[in-house]
Amino acid sequence: MAEQNPQTDDNAERRPTVIADDLHIVYRVNGAKTGKGSATAALSRIVKRGEERGVRKVHAVRGVSFVAYRGEAIGLIGSNGSGKSTLLRAIAGLLPAEKGKVYTDGQPSLLGVNAALMNDLTGERNVILGGLAMGMSREQVKERYQEIVDFSGINEKGDFITLPMRTYSSGMAARLRFSIAAAKDHDVLMIDEALATGDRKFQKRSEERIRELRKEAGTVFLVSHNNKSIRDTCNRVLWLERGELRMDGPTEEVLKEYEKFTGK
């Protein structure tokens, strides 16, 4: 059973931004085969063969319930295949619930390292299109353009912003994605491993920006395998294992138990 985050007077005064109520997410995979990779192996333990021939059901999120409030930065931790990214996609409205509900106040924005920017377009064009896709006006994108480029740091060793995205390293592309998303104030911003790439200098800038987003009354969810990033940016942690919410509470308390579990 998951430990519930205590409802303090401070929480009671704040407005909830995300409510997950007994949320279940099930994938149906045609002709799925079990692999040997760590993530696949973890998933295979919760895979059930469906009624249809050759269809497997992956019960990726199992009965997860929590309430997130404005001003919180919430870390999502757990083993590979534990349902962290699936939970974010469900909050963003990209996956239907098999059972239960997700309620959001405002527009959730999901930022992933693999989020698609246009490889054949320049970084400059991607900044413009990415900003527009997030709901910024052309004037806002123009005003914040240089700030986005400077934050990403991709021009520190050359004029890369004028080159096609396909010429970027994965780290450069990830930094640009984060920089575009971080230029806008969000009701709910979900970051999937975005701080895992880039040098320590960029990670520090990212962590500072997350703290600013919290102060601006947003809610931030961060999926990361880097416990230090979680400690530096999050005031609360949800720990998922095999799709279930194992623990929900203050960052240090949850990470302490998680580190005992993983032996790290």
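The values are calculated or read from the model by the stated rules, or taken from the named source; none is laboratory data. None of these values were measured; they are calculated from a predicted model. Don't worry about glycine lacking a Cβ; one is built from the backbone with ideal geometry, like all the others, and counts go over all protein chains shown. Heads up: the accessible areas ignore ligands, DNA and RNA and are worked out on the full protein's heavy atoms, side chains in. Shrake-Rupley method; radii C 1.70, N 1.55, O 1.52, S 1.80 Å.
Amide H contacts for Ser109 (H built 1.01 Å from N in the peptide plane; partners 5 or more residues away or on another chain; cut-off under 5 Å): Val188, Leu189, Met190. Around the amide H of Glu244, modelled in the peptide plane, lie the amide H atoms of Arg62, all under 5 Å away and 5 or more residues distant in sequence or on another chain. Taking amide H atoms as placed 1.01 Å from N in the peptide plane, the amide H of Gly218 lies under 5 Å from those of Gly71, each 5 or more residues away in sequence or on another chain. Per the Debye formula on identical point scatterers at the alpha carbon atoms of segment 88-231, with no solvent, log10 I(q)/I(0) at q = 0.12, 0.14, 0.16, 0.21 Å⁻¹ is -0.48, -0.65, -0.85, -1.41.
Were the residues from Thr122 through Leu163 laid out at 0.36 nm apart, the gain over their Cα-Cα distance would be 14.3 nm.
Solvent-accessible area of segment 143-232 (1.4 angstrom probe, protein heavy atoms only): carbon and sulfur portion equals 48 percent.
List the lysines whose alpha-carbon lies under 21 Å from that of Lys215, not counting same-chain residues fewer than 8 positions away? Correct list for Lys215: Lys184, Lys204, Lys228. Centre-to-centre, using Cα atoms only, segment 209-242 and segment 125-155 are separated by 24 Å. Phi angles of segment 166-179 translate, via the Karplus equation with coefficients 6.51, -1.76, 1.60 and θ = phi - 60°, into HN-Hα couplings of 5, 8, 7, 6, 4, x, 4, 4, 5, 5, 5, 4, 4, 5 Hz per residue; Gly and Pro are given as x. Computed from backbone phi, the HN-Hα couplings of segment 199-216 come to 7, 4, 4, 5, 4, 5, 4, 5, 5, 5, 5, 4, 5, 5, 4, 5, 5, 7 Hz, rounded to whole numbers (Karplus: 6.51 cos²θ - 1.76 cosθ + 1.60, θ = phi - 60°; Gly and Pro given as x). Note on Lys57: aspartates and glutamates with a C-alpha under 15 Å away, same-chain residues under 8 apart excluded, are Glu98. Take the Cβ-Cβ distance between Lys228 and Asn155 as r, set R0 to 30 Å, and report the resulting FRET efficiency rounded to the nearest 0.05. Step by step, r from the Cβ atoms, then E = 0.65.
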